[in-house]
Every structure is written in C-alpha cells, then in structure tokens.
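**Student:** I'd like to ask some things about the structure below.
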Amino acid sequence: MSSAAQRFARREWGPLLATVRGELSARRWGAAPLTLSAVCLTALFQFAQNQEWGYGPVQAIGAVRAEDPLWLALLRTPLSLFVPALDLPVWGALAQVLLVFGIAELCLGRWRTLGIAYLATLCGTLYARVGIALGPDTPFGLPASDAHVVDTGPSAAVVGLAVYVCWRKRAYWTGAAVVVAMVVEVVVKPNLAGKEHLAAIAGVLALMAFLAWRERGQGASEPRPGTRSWKPPIRS
C-alpha cells in the first residue's frame, strides 16, 4: 500500500477503528448487548416466519405494509427492524446487523443507536405511503401495488446507521459511498426497498443537519477570549 493510501486510510477510518478497538478491549462482548440481541431477534424471526406455525404471528407483530392503518404500522415498526425479507438470504441480513449495529453501538452508545435505527426505519415506512399517494408517474412515486409489499426490515436501519456513524467519525468518503450505492440501487432496480433506503438516508441527513446547526449555535454562544464575559481556564 502506498504512503498516500495509508494516509487516506488513517484519516478516513482511524478514529472509527480506534473507538471500536478501545470499546472491545475494555468490555469485550459486553460492549454491544443491543447488537447481540438484534442478531438473535433477527435469526429468531427468520426461523419462525419460515415455519407454518410462525408465519402468521411474525406478520402480525412485525410486518409493515403501506395498506395497513397508520396506527397499526406504527405499532409494528419497532419490531419490523428485526424481521428480514423472506426473499433474501438471512445470512446477509444477520451479517449487516452484526457489523453495522455493532460498530454503531460501540461508537454511539446503545440508546442513540436504537433511536437512529428507529428513525431510519420510520422514514422508510412513512415514505411508502407518500410514494403511493404520489403515484408512479412522479420521480419519487410508487405504484399502487407496492401497498401490499412488506417494508425493508433491518436494511433501512442499517443504511441509516452507517451514514450517521461515518459522519460522526469523519469517514466522509465512506458515508458518501454508502449514499451513492443506494442511489445506484434505485437506478438499477427502482423498487420499494431501494426507495425506502433513500428515505431512510434522507431522514438521517436531516437529523445530521439539525445537530450540526445546533452545535454551531452552541459554539457561537460560548464567550471568546478578549470579551468581557470570558474567563481564563483554571489550571490545576
């Protein structure tokens, strides 16, 4: 690897890897209880929904469709994070949850990770209703038949978390690559899942913009050296 590539890797992934390594060294498997629970729940739901006795209950508690009443969709959305798509390999979903949820939990903490995952999933869920209302003749619209399609499951949360963690750890090129990959996915295969991924990213980008604005405002409100309200720091 060239020196330029090494410098890029250190700048792009150095802070992220340092945080993950430090948390794992300090607490080992106890560092990511949310991630381990999410992996177990996803595996359990996948196993159950492929059984004759389990398909109905899993659909009743964790499958969200745009045709559902809004109140019912909102009740199901938290568990829909852990119900993988039936037509995709479950090992891919488990690997995504383990990797992305794990890194996010180590970097952001348990509750912030869960909150951002829920925000991303909720944005996808609500977008499906808006897209169907717009209709297929608009760039962001969806055909009426998509009202019967189950939402994306954990993938929207995974995408949203990946973008947010990259922003927080200044891995900007990696975050941009995730966004570009999701755009290409929609161009190549413009289905409900791909557009829900973009809606999840849009929701997380809006949150990032708000947090950046608030942090700039807090920084501007702090007194600067040379002003009447500024006091020099006390040194111990």
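**Student:** Anything in segment 149-182 that is at pLDDT 95 or above, within 23 Å of Leu126 (Cα to Cα) and over 14 Å from the mean Cα position of the chain (by Cα)? List them, or say none.
**Tutor:** Of everything in segment 149-182, those that are at pLDDT 95 or above, within 23 Å of Leu126 (Cα to Cα) and over 14 Å from the mean Cα position of the chain (by Cα) turn out to be Val180, Ala181.
**Student:** Next question, about the same structure. Look at Phe45 and say whether it is part of a helix (DSSP H, G or I) and over 26 Å from Thr174 (Cα atoms).
**Tutor:** yes
**Student:** Identify, from the list Leu74, Leu79, the residue that is part of a helix (DSSP H, G or I), at pLDDT 90 or above, touching a helix residue (DSSP H, G or I) at 6+ places or on another chain (Cβ under 6 Å) and under 16 Å from Cys123 (Cα atoms).
**Tutor:** Just a single option satisfies the conditions, and that option is Leu79.
**Student:** Which of the numbered conditions does Pro57 fail, given that it passes all the others? Conditions: (1) under 24 Å from Ala177 (Cα atoms); (2) without any contact (Cβ under 8 Å) to a residue 40 or more places away in the chain; (3) assigned to a helix (DSSP H, G or I); (4) not hydroxyl-bearing (Ser, Thr, Tyr).
**Tutor:** (1)
**Student:** On to the next question. Considering only segment 212-232, I want to know if a residue exists there that is of a type in the set (Phe, Trp, Tyr) and either surrounded by 16 or more Cβ atoms within 10 Å (Cβ to Cβ) or at pLDDT below 90 (or both).
**Tutor:** Taking every residue of segment 212-232 in turn, at least one turns out to be of a type in the set (Phe, Trp, Tyr) and either surrounded by 16 or more Cβ atoms within 10 Å (Cβ to Cβ) or at pLDDT below 90 (or both).
**Student:** I'd like the residue in segment 103-146 that is of a type in the set (Lys, Arg) and touching a residue at least 12 places away in the same chain (Cβ under 8 Å) and, out of all such residues, is nearest to Gly62 (Cα to Cα).
**Tutor:** Arg129
**Student:** Looking only at residues that are at pLDDT 90 or above and within 23 Å of the chain's Cα centre (by Cα) in segment 133-148, which one is surrounded by the most Cβ atoms within 10 Å (Cβ to Cβ)?
**Tutor:** Among those residues, the one meeting the criterion is Leu142.
**Student:** Sort out which residues of segment 20-62 are of a type in the set (A, V, I, L, M), farther than 26 Å from Leu108 by Cβ and touching a Phe, Trp or Tyr at 6+ places or on another chain (Cβ under 7 Å), and write them in order of number.
**Tutor:** Val58
**Student:** Another question about this same structure. Taking the residues in segment 18-71 that are at pLDDT 90 or above, of a type in the set (D, E, K, R) and surrounded by 12 or more Cβ atoms within 10 Å (Cβ to Cβ) as candidates, determine which candidate is nearest to the chain's Cα centre (by Cα).
**Tutor:** Only one residue fits best here, namely Arg65.
**Student:** Let me ask you something else. Return a yes/no flag: does segment 167-176 have any residue that is among the small types (Gly, Ala, Ser), loosely packed, with under 14 Cβ neighbours inside 10 Å, free of Cβ contacts under 8 Å to residues at least 24 places away in the same chain and in a helix (DSSP H, G or I).
**Tutor:** Within segment 167-176, one or more residues are among the small types (Gly, Ala, Ser), loosely packed, with under 14 Cβ neighbours inside 10 Å, free of Cβ contacts under 8 Å to residues at least 24 places away in the same chain and in a helix (DSSP H, G or I).
**Student:** Of the numbered conditions (1) modelled with pLDDT of 90 or more; (2) within 21 Å of Ala128 (Cβ to Cβ), Lys189 fails exactly one; give the number of that condition.
**Tutor:** Lys189 satisfies all of (1) modelled with pLDDT of 90 or more; (2) within 21 Å of Ala128 (Cβ to Cβ) except (1).
**Student:** Given the residues Pro84, Pro15, which is the only one that is surrounded by 13 or more Cβ atoms within 10 Å (Cβ to Cβ), under 18 Å from Ala156 (Cβ atoms) and in contact (Cβ under 8 Å) with a residue 12 or more places away in the chain?
**Tutor:** Going through Pro84, Pro15 in turn, just one is surrounded by 13 or more Cβ atoms within 10 Å (Cβ to Cβ), under 18 Å from Ala156 (Cβ atoms) and in contact (Cβ under 8 Å) with a residue 12 or more places away in the chain: Pro84.
The values are calculated or read from the model by the stated rules, or taken from the named source; none is laboratory data. Source: prediction; values computed, not measured. For neighbour counting, all protein chains shown are included, and Cβ atoms are generated from backbone atoms with ideal geometry for every residue, glycine included.
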